[in-house]
């Protein structure tokens with residue numbers, strides 16, 4: 001359920017500058033953005049759509065429109081539903097995309113109202129859609145001061161997620177979560193300690209006047225202001241990797257020591273794999289989807305590391321040579337609901353009926369890989385989900401079926417992070433604009449039989 005073959009970076013440093021150069025809206029830009037948004041409405045991953053299908057034509061402005069339209073999808077849809085005489089579900093996807101983009105620009109940009117409407121109408125001609133009258137009539141009625149009437153529109157989250165989260169964590173945390181998901185995710189770095197020590201890297205940032213905040217440990221840094229990655233000191237030299245600060249917790253919890261035999265069972269796209277490589281040379285990295293590991297080859301070369309992901313299904317043992325592992329990391333496929341701030345299309349694509357299928361896969365991974373772990377070995381299970389069905393419930397069911405499991409406290413946790421919570425079997429980190437995405441981490445030790 002995560003980005004296919006790409007690291008989880010989210011929107012570019014320039015994409016958040018939504019008010020920059022907005023005044024001269026062009027119909028060809030709207031048409032391109034609509035084609036890309038149509039792919040997202042059909043279920044494709046937003047980040048992949050922008051990079052694979054938009055390419056260089058997907059300018060920072062177009063990228064900002066796309067992220068903004070997804071981020072405000074529910075409130076935009078609510079107002080469009082009130083204004084459009086045709087149900088949104090029956091509209092042509094391209095036409096719906098033009099309406100969403102136009103409504104987003106009218107409400108959240110500084111472009112001239114008449115320009116947005118007229119150029120959106122012209123975009124329908126470029127797209128060869130007979131909807132000029134509809135688009136003109138609806139966009140002319142958009143209320144830029146509209147206040148959503150539904151909880152879904154107010155919180156910009158699907159109703160099933162609101163109900164689930166409210167029941168688990170309460171109204172106060174739900175409101176905090178909804179607010180944090182509407183902010184831009186931070187740009188965090190992990191110092192590549194095979195190339196440079198953390199304090200030297202921090203010094204290089206200071207010399208360039210780049211403000212940053214240290215999170216958790218000296219090797220984890222959040223930039224105070226996002227910037228193009230290639231402009232950060234040491235990019236070409238491989239001094240750092242871009243990795244969410246909260247995502248780094250899982251590898252730290254695994255407590256890998258030199259010489260250990262380590263398995264990264266769901267490795268792609270490879271950020272945690274590269275983090276593990278700084279600690280363990282004897283590393284096996286697997287992923288069931290061969291298409292998801294392409295980015296790792298380029299990134300590992302930049303960082304000066306040698307690694308490849310083996311295509312194999314970690315719910316089976318056909319790939320295993322029989323040697324037990326000292327450490328196992330299961331970064332399980334999940335709903336990715338903890339990454340909504342970074343990937344706002346997640347809230348458009350996820351459905352409640354997907355959760356049992358994901359939980360079943362997660363349980364199968366745990367049950368199979370536990371047998372490959374040596375006595376006294378550690379297994380860390382993590383997801384970028386906020387939902388108990390994929391986290392606490394999965395671990396609880398696993399513990400009930402195995403007598404040789406001991407849950408260990410995660411002392412490598414999150415001091416100072418206001419949105420983290422200790423659970424019965426792990427720790428839940430909630431998305432926060434100063435810390436990172438939402439993650440669940442559980443640390444399990446295998447006892448002697």
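Bear in mind these aren't lab numbers, they're just calculated from the coordinates by the rules spelled out. These numbers come from a predicted model, not from an experiment. Note: ideal-geometry Cβ built from the backbone for every residue, glycine included; neighbour counts use all protein chains shown.
Hey, how many Å between the Cα centroid of the range 250-322 and the Cα centroid of the range 67-94?
Comparing the Cα centres of the range 250-322 and the range 67-94, I get a distance of 41 Å.
Within the chain, what percent of beta bridges assigned by DSSP are antiparallel, to the nearest 5?
DSSP beta bridges in the chain are roughly 65 percent antiparallel.
Hey, what angle do you get for helix 294-303 against the long axis of the chain, alpha-carbon based, 0 to 90 degrees rounded to 10?
Once rounded, one gets 70 degrees.
Could you state the number of Å between the C-alpha centres of the range 209-233 and the range 344-376?
Result: 32 Å between the Cα centres.
Taking the beta-carbon count within 10 Å as an exposure proxy, list 430, 165 from fewest neighbours to most.
Neighbour counts put them in this order, fewest first: 165, 430.
Based on the Cβ-Cβ distance of residue 310 and residue 374, what FRET efficiency does E = 1/(1 + (r/R0)^6) give at R0 = 22 Å, to the nearest 0.05?
0.65
Taking 0.36 nm per residue of sequence separation and subtracting the Cα-Cα distance, how much length would be gained by fully extending the chain between residue 318 and residue 86, in nm to one decimal?
78.2 nm
Which shape class applies to the range 188-242: rounded if a/c is under 1.5, otherwise prolate when a/b exceeds b/c and oblate if not, where a ≥ b ≥ c are the square roots of the Cα gyration tensor eigenvalues?
rounded
Give the average over all directions of the projected area of the C-alpha convex hull of the chain, one decimal, in nm².
So the mean shadow area of the Cα hull is 21.4 nm².
How do 128-136, 403-411 rank on mean C-beta neighbours within 10 Å, highest first?
128-136, 403-411
I need the shape label for the range 246-446. Rule: rounded when a/c is under 1.5, else prolate if a/b > b/c, else oblate, with a, b, c from the alpha carbon gyration tensor.
rounded
Specify the angular offset, from 0 to 90 degrees and rounded to the nearest 10, of the alpha carbon long axis of helix 113-126 from the longest principal axis of the alpha carbons in the chain.
Its long axis makes an angle of about 80 degrees.
By how many degrees, between 0 and 90 and to the nearest 10, does the Cα long axis of helix 198-207 differ from the longest principal axis of the chain?
30 degrees
For the range 27-150, just say rounded, prolate or oblate: build the C-alpha gyration tensor, square-root its eigenvalues into a ≥ b ≥ c, call rounded for a/c under 1.5, and beyond that prolate if a/b exceeds b/c, oblate if not.
rounded
With a Förster radius of 60 Å, plug the Cβ-Cβ distance of residue 396 and residue 24 into 1/(1 + (r/R0)^6) and report the FRET value to the nearest 0.05.
It comes to 0.60.
Rounded to the nearest 0.05, what FRET efficiency do residue 281 and residue 183 give with R0 = 45 Å and r taken as the Cβ-Cβ distance? Could you check?
So, using R0 = 45 Å, E works out to roughly 0.70.
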